[in-house]
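Here the structure comes first, spelled out in structure tokens, and everything after it is commentary.
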Amino acid sequence: MNIPENMINRGRRSDIPTWPDGKRIAVLIAFDIDADTMWYTHADHFNGSISDLSRGVYGPKQGVPRILDMLDRQKIKATFFVPGVVAEMYPDIVKEVALRGHEIGYHGYLHEESTKTTYEEENATMLKAEKIILDLTGQRLRGHRGPGGVFHDYSLRLFVEHGYIHSSNFRDADGPFIHRENGKRIPVVELPKDSVFDDTAYDFYTETPPERYELKSPREMYEIWKDEFDALSSEGRMMNFVLHPQFFGRASRVRMLSDLIDYMRENGAWFATNAECAEYVLKQNGML
Ligand SMILES: [Zn+2]
């Protein structure tokens, strides 16, 4: 087995001492607009069912507009990780995400999940996706969340070359840490995520074999995330969400997130985009 030693962060728990304005915890509300790409690339067993494909379309068509309205009401800026082809297929909604002041992050062109991709291929995919988003929204991508959690041993090098300052791919810490290459710190902040903050742990369902219908109610999800918030905020850490509008964009779940935002705001949350959080960490460490 090939373990990428240089990427594993053994020992350093966090590179952030305090949050701004005496806040107790950083809360990063982040979405992955995979749309129907997820169904083409994710499941080798995918049989092209209209049930799953049209649910993919539900994300940008119904879920994202509802989420954007809720975020406006809450005055919160979020990060949306968007594959390049989703920007091509749904230009109006991706443009709207940017117009409302949210950050767009890199999430592949076709939601590529291959671990065999070469440096040259990945570089070309990044350039392609970056140009599409830039032309459509005027935004330069500043951070990376690998489709399907795929991360390559050359990824950090590419992040630096492309000017990315954040990555949310690792799960080995409760707070941000600054990546290193060859023992030296580089200006890329890891903003760790985990399945516990990924809605698909609770609301992913499919009629494509193997079927799955283990839905948790919005109230159950609220309780799980509130417990995480209470415990992590008592230690001054962070939460980075992974929310998929095709599942999470349902009315009851978006309303639940709004209720949770109310609770978190009343209890010391610092809400930030992934880029804002990464900038803060870099500044705190004298790297920006
Ligand atoms: Zn994805």
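The values are calculated or read from the model by the stated rules, or taken from the named source; none is laboratory data. Since the model is a prediction, treat every value here as computed from it, not as a measurement. Counting neighbours? That spans all protein chains shown, and the Cβs are built from the backbone with ideal geometry, glycine included.
Select from the range 140-199 the residues that are touching a residue at least 40 places away in the same chain (Cβ under 8 Å) and of a type in the set (Phe, Trp, Tyr) and list them in ascending order.
151, 164, 170, 177, 197 - these are the residues of the range 140-199 that are touching a residue at least 40 places away in the same chain (Cβ under 8 Å) and of a type in the set (Phe, Trp, Tyr).
What single numbered condition from (1) more than 24 Å from residue 152 (Cβ to Cβ); (2) not in a helix (DSSP H, G or I) fails to hold for residue 227?
(2)
Determine which member of the set 271, 248 is within 16 Å of the ligand (Cβ to nearest atom), under 19 Å from the mean Cα position of the chain (by Cα) and not β-branched (Val, Ile, Thr).
Selected residue: 248, the only one of 271, 248 that is within 16 Å of the ligand (Cβ to nearest atom), under 19 Å from the mean Cα position of the chain (by Cα) and not β-branched (Val, Ile, Thr).
For the range 112-127, indicate whether the set of residues that are buried (at least 23 other Cβ atoms within 10 Å of the Cβ) and touching a Pro at 6+ places or on another chain (Cβ under 8 Å) is non-empty.
no
Pick from the range 46-56 the residues that are more than 16 Å from the ligand (Cβ to nearest atom) and in a loop (DSSP other than H, G, I, E, B): which of them is modelled with the lowest pLDDT?
So, considering only residues that are more than 16 Å from the ligand (Cβ to nearest atom) and in a loop (DSSP other than H, G, I, E, B), the one modelled with the lowest pLDDT is 47.
All but one of (1) within 15 Å of the ligand (Cβ to nearest atom); (2) in a loop (DSSP other than H, G, I, E, B); (3) not aliphatic (A, V, I, L, M) hold for residue 59; state the number of the condition that does not hold.
Result: residue 59 fails condition (2) only.
Could you please tell me which pairs satisfy a Cβ distance under 6 Å, a separation of 6+ or placement on different chains, a first residue in the range 268-288 that is closer than 12 Å to residue 176 by Cα, and a second residue that is β-branched (Val, Ile, Thr)?
If the second residue must be β-branched (Val, Ile, Thr), the pairs left are 274/79; 278/165; 278/189; 281/16; 281/189.
Consider the range 96-111. How many of its residues are in contact with a Gly (Cβ under 9 Å, 6 or more places away or on another chain), of a type in the set (A, V, I, L, M, F, W, C) and modelled with pLDDT of 95 or more?
1
State which residue is surrounded by the most Cβ atoms within 10 Å (Cβ to Cβ) when the search covers only the range 199-255 and only residues that are β-branched (Val, Ile, Thr) and within 22 Å of residue 176 (Cα to Cα).
The residue in question is 242.
Considering only the range 201-210, I want to know if a residue exists there that is away from the ligand (no atom under 16 Å from the Cβ), under 21 Å from the mean Cα position of the chain (by Cα) and either among the polar types (S, T, N, Q) or at pLDDT 95 or above (or both).
yes
Only residues that are away from the ligand (no atom under 12 Å from the Cβ) and either closer than 21 Å to residue 244 by Cβ or in contact with a helix residue (DSSP H, G or I) (Cβ under 7 Å, 6 or more places away or on another chain) (or both): list them for the range 92-108, please.
Matches in the range 92-108: 92, 93, 94, 95, 96, 97, 98, 100, 102, 103, 104.
Assigned to a loop (DSSP other than H, G, I, E, B), within 15 Å of the ligand (Cβ to nearest atom) and within 20 Å of the chain's Cα centre (by Cα) - does that describe any residue in the range 64-84?
Within the range 64-84, one or more residues are assigned to a loop (DSSP other than H, G, I, E, B), within 15 Å of the ligand (Cβ to nearest atom) and within 20 Å of the chain's Cα centre (by Cα).
Among the residues of the range 138-166, which ones are assigned to a loop (DSSP other than H, G, I, E, B), in contact with a His (Cβ under 7 Å, 6 or more places away or on another chain) and more than 16 Å from the ligand (Cβ to nearest atom)?
142, 164
Which one of these does residue 169 not meet: (1) within 16 Å of the ligand (Cβ to nearest atom); (2) assigned to a loop (DSSP other than H, G, I, E, B); (3) buried (at least 21 other Cβ atoms within 10 Å of the Cβ); (4) modelled with pLDDT of 95 or more?
The single condition residue 169 does not satisfy is (3).
Step by step: first the residues of the range 51-67, then only those that are surrounded by fewer than 21 Cβ atoms within 10 Å (Cβ to Cβ) and of a type in the set (A, V, I, L, M), then the one that is nearest to residue 101 (Cα to Cα). Which residue is that?
57
Taking interchain pairs and intrachain pairs at least six residues apart, which have beta carbon atoms under 9 angstrom, with the first residue in the range 92-108 and among the hydroxyl-bearing types (Ser, Thr, Tyr) and the second in a helix (DSSP H, G or I)?
Close Cβ pairs satisfying both conditions: 106/84; 106/126; 106/129; 106/130; 106/133.
What do you reckon, is residue 35 assigned to a loop (DSSP other than H, G, I, E, B) and at pLDDT 90 or above?
yes
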